[in-house]
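Heads up: the structure comes next, in structure tokens.
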Amino acid sequence: MATAKHTLVALVEDKPGVLNRMASLFRRRGFNIESIAVGHSELPHLSRMTIVVNGTTAMVEQVRKQVDKLVDVVKVSDITGSDKVARELALIKVKANSATRTEIIEIADIFRANIVDVASDSVTVEVTGDEDKINSLYNLLSGFGIKEMAKTGRIAMTRGSLVRSRSRHGRGKG
Amino acid sequence: MKRTGAQILCESLVKEGVEVIFGFPGGAVLSLYDTLPQYPQLRHILVRHEQGAAHAADGYARATGKVGVCMATSGPGATNLVTGIANAYLDSSSVVAITGQVARPFIGKDAFQEVDITGITLPITKYNYLVRDAASLAKVVREAFCLSRTGRPGPVLIDIPRDVQMEQAEFNYPRKVEIPGYKPTLEGHPAQIKKAARLINEAQHPVILAGRGVIISGAYAELKYLAEAAQIPVLTTLLGVSCFPEGHPLSYGMVGMHGMAYANIALHNAGLVIAIGMRFDDRVTGRIDSFAPQARIIHIDIDPAEIGKNVSVDVPIVGDVKLVLKKLNKLIISTERTEWIGQVEDWRKEHPSLEIRDSASLLPQYVISKIYEATKGEATIVTGVGQNQMWAAQHYCYDKPNTLISSGGLGTMGFGLPAAMGAKVGRPDSPVWLIDGDGSFQMTIQELATIVQDNIAVKIAILNNGFLGMVRQWQELFYQKRYVATPISCPDFVKIAEGYCLPGLRVKHRGEVVPAIKQAVEHEGPFLIDFMVEPEENVYPMVPPGATLVEAIEAPKKKVEAISDSAKLPVSNI
Ligand SMILES: Cc1ncc(C[n+]2csc(CCOP(=O)(O)OP(=O)(O)O)c2C)c(N)n1
Ligand SMILES: [Mg+2]
């Protein structure tokens with residue numbers, strides 16, 4: 001059966017050891033995790049975790065059930081098939097000199113990335129987006145020589161209905 | 001009124017209806033032990049090794065359906081519990097383990113007798129707690145008992161730093177438990193139940209495959225109703241043994257690696273498998289890709305994560321077995337299934353898996369059949385692990401509900417004696433027999449002192465074959481009889497009994513079996529019999545590891561050479 005990347009979103013209790021329980025479960029059951037990201041949610045005492053897992057549908061469903069079984073997990077859903085927003089953030093430190101600096105900045109601009117640090121021999125680019133966007137930027141910049149890169153795991157949520165997200169935040173689909 | 005953490009713990013245990021704690025003291029639980037005498041309703045039984053405390057709590061839990069409680073100090077006390085906790089986890093047994101921990105300021109500093117027991121037991125507990133202050137202790141205990149006993153039961157550990165035991169707080173026992181992430185589904189989905197009923201009513205060749213979930217949920221009557229109304233043969237897993245009366249005409253016994261050949265054949269040829277409270281363990285299914293190849297599968301279990309884990313299922317029903325069966329039974333149309341039942345009955349005649357071969361020597365199977373006769377099937381049987389366990393499961397006829405207590409999932413040698421002790425404490429009025437191996441028995445033999453000190457009247461039958469028999473059997477069958485590290489010498493068990501101050505007998509010949517058992521039955525307290533059985537007897541039938549259920553070796557010694565082929569070395573464990 002074909003494997004694919006799945007995005008699971010879990011609402012978990014904000015207690016010591018929760019991340020450990022999650023990680024221990026993945027290790028023990030031999031589930032291969034691409035990334036895991038966790039932070040506060042809009043609800044007090046609850047955090048939201050985004051887990052990216054590579055596997056067959058059946059295997060990912062088993063992951064979901066095992067995660068759901070954890071006492072500290074309030075809810076978990078596989079949002080892979082849903083209309084969703086998924087973002088990662090990367091910091092990329094690129095080799096630069098006076099000759100290449102402008103070109104790097106232009107490329108960053110095209111990707112709506114920010115220049116967050118400039119030194120005599122490097123430029124650091126901050127980029128947010130989905131995995132493809134970050135990979136494309138990375139590939140383009142690698143021609144100049146990458147000195148360092150740090151990347152967050154994916155965070156994701158399903159899109160709200162248009163009406164609701166507009167009235168709440170004054171924005172359309174982001 | 002303010003109370004100490006230790007008092008809060010005891011008050012909470014009393015509220016939970018705890019009657020007995022199996023434990024062993026030490027520095028980090030001194031305050032708890034010092035407080036215990038204020039609560040005479042909490043009986044403490046001093047074990048001789050903490051592993052024994054965990055197994056005893058497990059045996060007690062299985063025998064009573066209540067939560068079994070064990071207690072140990074920090075560090076080595078806590079780590080000694082680990083095997084017992086893992087055992088309870090794999091067999092879904094409701095155990096609450098209480099451990100002392102170093103005082104809060106010392107946590108994380110590698111203090112004397114500090115281990116991270118919540119970290120260590122993370123993957124083998126349903127949940128665990130490190131208690132951070134006395135004020136939260138009552139809530140923790142309330143939650144722990146609720147988690148341990150409800151849904152799919154399991155062990156829960158509560159780690160209490162010694163300064164928390166002394167800290168003062170108000171005692172308020174919460175009336176309700178609210179765990180946002182924990183809501184076991186009890187009622188099966190009505191549409192799924194309807195689908196299941198339709199499959200059952202239309203089925204040509206159905207079998208019921210029942211596991212320990214039936215026992216945990218107490219669904220004996222409901223299972224019996226379903227089997228009788230729809231005329232379906234009932235097969236059980238090892239831990240399902242005694243969920244359905246084995247003397248019943250529809251009972252076809254245990255399936256799996258050492259299951260009845262006819263039961264395995266029926267399962268393999270079934271058109272519909274109604275799996276109830278079981279989890280398709282590899283010991284049960286045999287080779288998974290050829291498991292019940294023609295069957296549709298209905299799977300009823302309280303744990304959604306078990307559904308679809310090992311086999312794919314046609315009709316999953318998540319819920320409590322008893323509640324689901326109650327609803328399902330209403331939709332079942334009574335049928336005669338003479339042809340199918342006749343077919344299964346023929347298989348039973350063609351493959352008499354319980355026949356004891358003719359032999360002048362003392363056969364272990366014979367011993368067990370005599371224990372059955374002497375106890376009239378009324379006893380609770382607790383086993384060791386290995387051949388003794390399989391023979392005990394096969395040759396005692398379990399007619400009464402929940403009368404076999406055995407370590408299934410973990411297969412823990414040494415489970416027997418302490419678990420029997422726990423079972424007897426839970427069932428003081430019924431006979432409890434331990435059927436153990438000479439190897440297994442030596443792993444927790446020190447609990448003899450406990451049963452003597454507390455006069456726990458366990459009857460002990462050691463099937464002494466001078467071998468780690470089950471491993472020897474695998475060496476005979478798969479390693480050309482190279483008996484490496486399986487011949488095992490034993491102390492003189494009768495002298496050991498004498499040393500521990502309980503009566504003991506040695507039995508070498510068939511003729512002595514019945515009188516010895518009679519003596520044990522008639523004796524008031526604990527009693528030990530050392531049965532010197534045939535050393536190289538094998539357990540049959542046996543489905544070789546990696547084989548399909550119908551590829552069992554049935555008769556002793558037949559076909560043995562054929563599989564002694566190193567290309568077929570077993571991939572799974574003993
Ligand atoms: C703690 C533990 N260690 C090792 C094993 C592997 N093992 C399974 S059965 C067995 C032999 C048991 O010997 P004995 O208790 O004498 O029982 P018999 O098979 O001879 O009846 C062994 C070593 C185990 N199940 N548990
Ligand atoms: Mg032995």
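Of the residues B:353, B:359, the single one that is over 24 Å from the mean Cα position of the chain (by Cα) and more than 22 Å from residue B:223 (Cβ to Cβ) is B:359.
The set of residues in segment B:449-473 being surrounded by fewer than 21 Cβ atoms within 10 Å (Cβ to Cβ) and either free of Cβ contacts under 8 Å to residues at least 60 places away in the same chain or more than 9 Å from ligand 1 (Cβ to nearest atom) (or both) consists of B:449, B:452, B:453, B:454, B:455, B:457. Looking only at residues of segment B:427-469 that are assigned to a strand (DSSP E or B) and among the aliphatic types (A, V, I, L, M), we find that the one that is farthest from ligand 2 (Cβ to nearest atom) is B:432. For segment B:77-110, which positions are more than 22 Å from residue B:46 (Cβ to Cβ) and in a helix (DSSP H, G or I)? Result: B:86, B:89, B:90, B:104, B:105, B:106. Checking each residue in segment B:310-333 for being within 14 Å of chain A (Cβ to nearest Cβ) and surrounded by fewer than 19 Cβ atoms within 10 Å (Cβ to Cβ) picks out B:310, B:311, B:312. Of everything listed in (1) in contact with a helix residue (DSSP H, G or I) (Cβ under 6 Å, 6 or more places away or on another chain); (2) not assigned by TED's automatic domain parsing to the domain that holds residue B:320; (3) not hydrophobic (A, V, I, L, M, F, W, C), the single unmet condition for residue B:185 is (1). Residues that are assigned to a helix (DSSP H, G or I) and either within 16 Å of ligand 1 (Cβ to nearest atom) or over 19 Å from residue B:373 (Cα atoms) (or both) do occur in segment B:486-494. Residue check: is residue B:480 surrounded by fewer than 24 Cβ atoms within 10 Å (Cβ to Cβ), in a helix (DSSP H, G or I) and assigned by TED's automatic domain parsing to the domain that holds residue B:518? Here the answer is no, as residue B:480 does not meet what is asked. Taken over segment B:427-440, residues that are touching a strand residue (DSSP E or B) at 6+ places or on another chain (Cβ under 8 Å) and closer than 20 Å to residue B:45 by Cα amount to 6. Evaluated against (1) touching a His at 6+ places or on another chain (Cβ under 8 Å); (2) within 24 Å of residue B:365 (Cβ to Cβ), residue B:494 falls short on exactly one condition, (1).
With respect to the conditions (1) in a helix (DSSP H, G or I); (2) modelled with pLDDT under 95; (3) charged (D, E, K, R), residue B:518 falls short on a single one, namely (2).
Assess whether residue B:207 counts as being of a type in the set (A, V, I, L, M), outside any loop (DSSP other than H, G, I, E, B) and in contact with a Pro (Cβ under 6 Å, 6 or more places away or on another chain). Yes; evaluated as a whole, the condition is true for this residue. Reported count of residues in segment A:58-80, each being assigned to a helix (DSSP H, G or I) and within 11 Å of chain B (Cβ to nearest Cβ), is 11. For beta carbons closer than 7 Å, sequence separation of 6+ or different chains, a first residue in segment B:70-99 that is charged (D, E, K, R) and a second that is not in a helix (DSSP H, G or I), the qualifying pairs are B:91/B:239; B:91/B:407; B:91/B:408; B:91/B:409.
The number of residues in segment B:474-499 that are aliphatic (A, V, I, L, M), more than 16 Å from ligand 2 (Cβ to nearest atom) and in contact (Cβ under 8 Å) with a residue 40 or more places away in the chain comes to 2. Checking A:94, A:67 one by one, the residue that is in the same structural domain as residue A:146 (by TED's automatic domain parsing), in contact (Cβ under 8 Å) with a residue 24 or more places away in the chain and not aromatic (Phe, Trp, Tyr) is A:94 and no other.
For residue B:444, the conditions (1) buried (at least 24 other Cβ atoms within 10 Å of the Cβ); (2) within 9 Å of ligand 1 (Cβ to nearest atom); (3) of a type in the set (S, T, N, Q) all hold with the exception of (2).
Taking the listed residues B:390, B:413, B:421, the one that is part of a loop (DSSP other than H, G, I, E, B) and either within 16 Å of ligand 2 (Cβ to nearest atom) or more than 11 Å from the chain's Cα centre (by Cα) (or both) is B:413, with no other qualifying.
Of all strands (runs of 3 or more DSSP E) completely enclosed by segment B:111-187, which ones contain at least 2 residues that are away from chain A (no Cβ under 13 Å)? Passing ranges, in order: B:156-161, B:168-170.
One line per residue, one yes/no per condition, for (1) within 30 Å of residue B:151 (Cβ to Cβ); (2) within 15 Å of the chain's Cα centre (by Cα); (3) not assigned by TED's automatic domain parsing to the domain that holds residue A:41:
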site	(1), (2), (3)
A:74	yes, no, no
A:77	yes, no, no
A:101	no, no, yes
A:106	no, no, yes
A:131	no, yes, yes
A:142	no, no, yes
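Please verify whether residue B:337 is away from ligand 2 (no atom under 16 Å from the Cβ), more than 14 Å from chain A (Cβ to nearest Cβ), among the basic types (Lys, Arg) and buried (at least 16 other Cβ atoms within 10 Å of the Cβ), treating the condition exactly as stated. The answer is yes for residue B:337.
Here is a check on your reading of the model: is residue A:130 surrounded by 13 or more Cβ atoms within 10 Å (Cβ to Cβ), acidic (Asp, Glu) and under 30 Å from residue A:58 (Cβ atoms)? Spelling it out, residue A:130 is indeed surrounded by 13 or more Cβ atoms within 10 Å (Cβ to Cβ), acidic (Asp, Glu) and under 30 Å from residue A:58 (Cβ atoms). Of the strands (runs of 3 or more DSSP E) lying entirely inside segment B:1-76, those containing at least 3 residues that are of a type outside the set (D, E, K, R) span B:20-23, B:43-46, B:68-72. Taken over segment A:1-53, the criterion of being β-branched (Val, Ile, Thr), away from chain B (no Cβ under 14 Å) and out of contact with any Gly (no Cβ under 6 Å at 6 or more places or on another chain) is satisfied by A:7, A:9, A:33, A:38, A:50, A:51, A:52, A:53. Does residue A:128 count as modelled with pLDDT of 95 or more and either outside any helix (DSSP H, G or I) or within 14 Å of another protein chain (Cβ to nearest Cβ) (or both)? Yes. Among the charged types (D, E, K, R), buried (at least 18 other Cβ atoms within 10 Å of the Cβ) and not assigned by TED's automatic domain parsing to the domain that holds residue B:340, is that true of residue B:178? Against the criterion (among the charged types (D, E, K, R), buried (at least 18 other Cβ atoms within 10 Å of the Cβ) and not assigned by TED's automatic domain parsing to the domain that holds residue B:340), residue B:178 does not qualify.
Being touching a helix residue (DSSP H, G or I) at 6+ places or on another chain (Cβ under 7 Å), among the aliphatic types (A, V, I, L, M), part of a helix (DSSP H, G or I) and at pLDDT 95 or above holds for only one residue in A:92, A:115, A:107, and it is A:107. For segment A:3-20, a residue qualifies if it is without any contact (Cβ under 8 Å) to a residue 60 or more places away in the chain and within 12 Å of residue A:67 (Cβ to Cβ), and exactly one does: A:18.
The values are calculated or read from the model by the stated rules, or taken from the named source; none is laboratory data. Quick caveat: nothing in here was measured; it's all calculated off a predicted structure. Positions of Cβ are generated from backbone atoms using ideal geometry, with glycine treated the same way; all protein chains shown enter the neighbour counts.
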